[in-house]
Each structure stands twice: as structure tokens, then as C-alpha cells.
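See below for the structure under consideration.
The values are calculated or read from the model by the stated rules, or taken from the named source; none is laboratory data. This is a predicted model, so every value here is computed, not measured. Glycine gets a Cβ as well: all are built from the backbone with ideal geometry, and neighbour counts include every protein chain shown. What goes into the accessible areas is simple: the full protein's heavy atoms, side chains included, and nothing from ligands, DNA or RNA. Shrake-Rupley method; radii C 1.70, N 1.55, O 1.52, S 1.80 Å.
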Amino acid sequence: MTTGLELKSLITADGILRLSLEPSELPDPAADEVIVRIEAAPLNPTDHYQMTGPADLSTLRQDGNSDSPVLLATVPQAAMPFVARRVGQPRPIGTEGAGTVVAAGREADHLMGQRVALRPGGMFAQYRLAKAADCVPLPEGASSADGAAIFVNPLTVLGFVETMKTEGHTGLVHAAAASNLGQMLLKVCLADNIPLVNIVRKPSQVELLRGLGATHVVNSADPDFEADLVRAIAETGATMGFDPTGGGRLAGQMLAAMEAALTPPDAEHMVYGTDVPKRVYIYGGLEGGPTVLDRRFGFAWDIGGWLLFNFMKRTDAATRASLQQRVLDELTTTFASSYTRVVSLRQVLDPDIFRAFQARATGEKFLVDPTLD
Ligand SMILES: NC(=O)c1ccc[n+]([C@@H]2O[C@H](COP(=O)([O-])OP(=O)(O)OC[C@H]3O[C@@H](n4cnc5c(N)ncnc54)[C@H](OP(=O)(O)O)[C@@H]3O)[C@@H](O)[C@H]2O)c1
């Protein structure tokens with residue numbers, strides 16, 4: 001039996017979010033299982049959402065003590081029906097991570113002492129039990145921090161490119177493009193000669209992406225944003241967009257700019273717009289509120305949701321393996337994640353640190369190292 005601590009998120013029936021460190025007891029691994037000592041797990045936006053749910057974070061308050069810290073926040077009554085199925089159930093948090101195999105079942109002996117990446121969930125923990133088949137050995141010399149984020153953002157980026165090809169498009173528009181994921185997408189598009197229009201919202205982000213080699217970067221805060229977007233899309237021929245903001249007008253602005261770029265300046269009035277298929281996938285919820293469509297883009301358009309796990313399910317095993325291999329081959333280049341701060345499990349429950357990663361700002365990525373005190 002291996003014992004350790006793990007971070008749990010609980011929503012109570014009276015509308016309180018409770019984040020705490022709880023003891024966990026892991027049985028000895030079965031023949032095809034291993035126990036991994038977790039040494040690095042990134043704090044992705046999805047982990048933040050799973051941790052907090054719809055809690056009102058302006059009500060965040062500390063409870064417990066320094067040995068056993070607890071964070072509390074209030075969940076608005078109106079949001080309780082949306083979380084009814086998780087009420088009263090402490091949930092483990094942490095999508096992906098990496099560490100060292102410290103115990104192995106009979107058939108998994110070869111992994112003993114290996115540094116591996118894994119994503120069984122619940123990675124904000126000192127130890128995790130996992131199937132050996134779900135562990136990806138890291139290349140020689142790669143640290144756990146190097147391998148902690150080999151699944152979510154890298155595979156999403158490669159999934160975007162696969163989706164673009166499968167659906168017959170030849171260029172991409174990407175919003176919130178200075179994100180960790182956006183920088184990876186830029187590197188992949190540069191390497192694979194895929195035309196890419198990057199949408200950001202600050203001049204510093206324009207500079208950052210240009211510094212990485214981006215040709216087309218438009219700033220949604222500029223007064224000429226819509227005209228700039230049409231120009232950039234016209235130069236790339238992009239007809240597929242990926243938008244992690246979700247709320248607001250951006251998805252519609254992408255479609256409108258694609259349609260405008262496709263319409264020749266001397267064309268006669270087209271009542272129904274062009275017949276060229278245009279599609280935007282919403283893949284995140286960085287911006288709250290409804291998605292607003294100002295329909296200035298004819299009738300050959302689609303908006304859908306895109307989720308890595310759904311993409312992986314409908315992708316064949318050989319493609320999945322080749323995408324994962326590319327991530328491993330380019331682990332410290334294309335798919336390198338940089339972290340501004342490494343924190344312990346206890347520090348995740350420090351209100352100041354919690355508020356800092358809640359900001360999800362460009363370049364402000366946190367890594368959790370459960371081996372730290
Ligand atoms: N669907 C999927 O399968 C899937 C998979 C992986 C990731 N994702 C999503 O991908 C997104 C990026 O993830 P990441 O790990 O790369 O994040 P990250 O590195 O933390 O970056 C977040 C970026 O979003 C920008 N941003 C935040 N709020 C914004 C808003 N309201 N409007 C426009 N930009 C905003 C930030 O810019 P500022 O500095 O200007 O705030 C920052 O550049 C997240 O939404 C995540 O949930 C989805």
C-alpha cells in the first residue's frame with residue numbers, strides 16, 4: 001500500500017466549493033499496473049475550471065491551517081442545477097503530468113524507475129495508480145517538467161491540423177493565439193507550411209508572435225481589426241477557424257472576414273453569399289457569456305465545438321500513435337511548455353497563488369510539483 005496526499009474539489013449541497021488536500025491510499029499495483037510518483041503536472045485552464053466549477057471566486061476564502069489548507073468559495077444558487085451530479089462527491093483534479101514509476105506489477109516490470117508521462121486524471125497528487133499501457137516513457141534526458149504537458153495542448157494543436165486536412169481546408173485562423181497552445185500551433189504551421197492567421201488582443205502579443213516567426217498577426221483591440229482580419233485571411237486563403245474565447249463576437253467575426261475575403265471586390269451582389277464552406281470551431285470558454293453571431297457571412301458556414309477527447313476517439317490508432325510520437329520527437333522544441341512558477345500542492349491552495357493562476361494570462365503558466373513541501 002502507498003499513501004500520499006491528493007487535491008480534491010467538492011461542491012456541497014448548500015452551495016460551497018471546498019478545495020482541500022486529502023489522504024489517499026493506493027493498493028499494490030495489479031500485474032498490468034504501476035504506481036507513479038508525480039513530479040510535475042501543469043495547471044491547464046481545464047484543470048482550473050474542473051477545480052472551481054461555477055463558484056464565484058470573488059468569495060474565495062481560506063480555511064483549515066498551514067498543515068491542512070482549505071479554500072472555500074460560494075457557488076451561486078442559480079448555478080447549482082448545472083453541478084447537481086457532482087454535489088457531495090470529492091473529485092480528483094489534474095488532467096496530465098509526469099513522474100517516476102516507483103512500483104510495478106508483474107507485467108509492467110520494465111517500467112520500474114522509468115520517467116513516464118500519463119493522464120489518468122487526478123494528477124495533483126503525490127502518487128497515482130495507472131495502467132502500464134497508459135504510461136508514455138519519456139525520452140532519455142527529459143525531465144518530468146519537460147514531459148508533464150505532452151498530451152493536452154500538443155495533441156490539440158496536431159488535432160487542429162488533422163481536422164483542417166480531413167475537412168478539406170488549407171489554412172487556419174486562430175484566436176487567443178499568444179496562449180501556450182497558440183505558440184505551439186504557430187510553430188507547427190511554420191514547420192508544415194500551413195498558412196495561419198493569429199488573432200491576439202495586445203500589442204505585446206503581436207510582438208511575441210512576430211518574434212516566433214508569425215507572418216499574419218492581427219490585434220482585436222485595434223480599431224481596424226475587422227479590415228486587418230479580412231486582409232490577412234485573403235492572403236492565406238484560410239477557411240477554418242479555432243476560437244477558445246467562445247463567448248462574444250469573435251467566431252462570427254472570423255466567418256464574416258472569411259466571407260469578405262472570398263468575395264471578389266468587383267463581384268455582383270450575391271444574395272446568398274459565396275458557396276465556399278467556412279467553419280469555426282469553438283474549443284474553449286475564455287470569454288463568458290453567449291456566442292453572438294452577426295450573420296454577415298452568407299449561408300455556407302458552420303460553427304461547432306471541438307474537444308481533444310472527442311477527436312482522439314474518432315481518430316484511428318495509427319494516427320494517434322504518430323501524433324504522440326511527433327510530440328515526443330519535438331518535446332523540447334515545438335512542444336516545449338515554459339512555466340513562470342512551480343508550486344507545491346499546498347501552495348495551490350494559497351489564495352494569492354490561486355488568484356494568480358486564475359488570471360490565465362499570456363506566459364503565466366503554473367506547474368504543480370507534488371514532491372515539494
Ligand atoms: N477543446 C479542447 O480540447 C482544448 C484542449 C486544450 C486547450 N483548450 C483551451 O485552449 C485555451 C488555451 O489554453 P492554454 O493552456 O494555451 O492557455 P494559456 O497559456 O493559459 O493562455 C491563455 C491565453 O488566453 C488569453 N485570454 C484569456 N482570456 C481571454 C479572453 N477573454 N479573450 C481573448 N483572449 C483571452 C490570454 O491572453 P491575455 O494575456 O491577454 O489574458 C492568454 O494568451 C484554453 O481556453 C483551454 O481551455 C481546449
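So the values come out like this:
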| item | result |
| --- | --- |
| At most 11 other Cβ within 10 Å, DSSP loop - trypsin sites (Lys or Arg not before Pro), the range 125-228 | none |
| Environment charge at Ala98 (Cβ cut-off 12 Å; Lys +1, Arg +1, Asp -1, Glu -1) | 0 |
| Diffusion coefficient, µm² s⁻¹, Stokes-Einstein with Kirkwood Rh over alpha-carbon pairs of the range 152-312 at 10 °C and 1.306 mPa s | 102 |
| The range 140-188: GluC sites (Glu not before Pro) falling in loop per DSSP and having at most 11 other Cβ within 10 Å | Glu140 |
| Heavy-atom accessible surface of the range 294-373: percent carbon and sulfur, 1.4 Å | 48 |
| 3J(HN,Hα) from dihedral phi, the range 39-55, Karplus parametrisation 6.51/-1.76/1.60, rounded to Hz, x for glycine, proline | 10, 7, 8, x, 9, 7, x, 5, 5, 4, 5, 5, 5, 9, x, x, 4 |
| Residue-averaged [θ]222 nm for the chain, counting only DSSP H segments that reach four residues, each worth -39500 (n - 2.57) | -8000 deg cm²/dmol |
| The range 79-187 - Rg and Dmax from Cα coordinates, angstrom | 17.9, 49 |
| Mean-position separation - Cα centroids, the range 1-50 and the range 198-249, in angstrom | 38 |
| Cα-centred dipole magnitude for the range 152-312, charges only on beta-carbon of K, R (+1) and D, E (-1), debye, nearest 20 | 400 |
| Rounded to whole Hz, the Karplus (6.51, -1.76, 1.60) HN-Hα couplings of the range 8-20, x for glycine and proline | 10, 10, 10, 10, 8, 5, 8, x, 10, 8, 10, 10, 8 |
| Probe 1.4 Å, accessible area per residue of the chain, Å² | 46 |
| List His269, His169, ordered by accessible area with a 1.4 Å probe, largest first | His269, His169 |
| Among the listed pairs Lys165/Lys313; Lys8/Lys187; Lys165/Lys278; Lys187/Lys365; Lys165/Lys202; Lys202/Lys313, those beyond 25 Å (Cα-Cα) | Lys8/Lys187; Lys165/Lys202; Lys202/Lys313 |
| Max mean-square fluctuation residue, GNM over the chain, Cα-Cα springs under 10 Å, options Ala359, Ala175, Ala73 | Ala359 |
| Highest-first arrangement of 292-298, 277-283, where packing means the average Cβ count within 10 Å | 277-283, 292-298 |
| For the chain, size of Cβ-based charge dipole, Lys and Arg +1, Asp and Glu -1, in debye | 400 |
| From phi via Karplus (6.51, -1.76, 1.60), per-residue ³J(HN,Hα) for the range 309-322 in Hz, x at Gly/Pro | 5, 5, 4, 5, 5, 9, 9, 6, 4, 5, 5, 4, 5, 6 |
| P(r) tail fraction, the chain - alpha-carbon pairs more than 37 Å apart, % | 26 |
| Most to least packed among 248-255, 363-370 [average Cβ atoms within 10 Å] | 248-255, 363-370 |
| Rounded tilt (10° steps) of 225-236 against the dominant C-alpha axis of the chain | 90 |
| Around Pro351: net Lys/Arg minus Asp/Glu count, Cβ-Cβ under 13 Å | 0 |
| Normalised convex hull volume, the range 6-62, alpha-carbon set, Å³ per residue | 146 |
| Coil-residue GluC sites (Glu not before Pro) of the range 214-281, DSSP, other Cβ within 10 Å capped at 11 | Glu268 |
| In degrees, nearest ten, helix 250-262 long axis to first principal axis of the chain (Cα) | 40 |
| Burial ranking of peptide ranges 97-110, 328-341, 345-358 (average Cβ count within 10 Å, highest at the top) | 97-110, 345-358, 328-341 |
| Positive-end extreme of charge dipole, the chain - chosen from Phe354, Val116, Ala260 (charges on Cβ) | Phe354 |
| Top positive-direction residue, dipole computed over the chain with Cβ charges, set Pro92, Gly4, Val173 | Pro92 |
| Hydrodynamic radius of the range 265-373 per Kirkwood, over alpha carbon pairs, in Å | 19.0 |
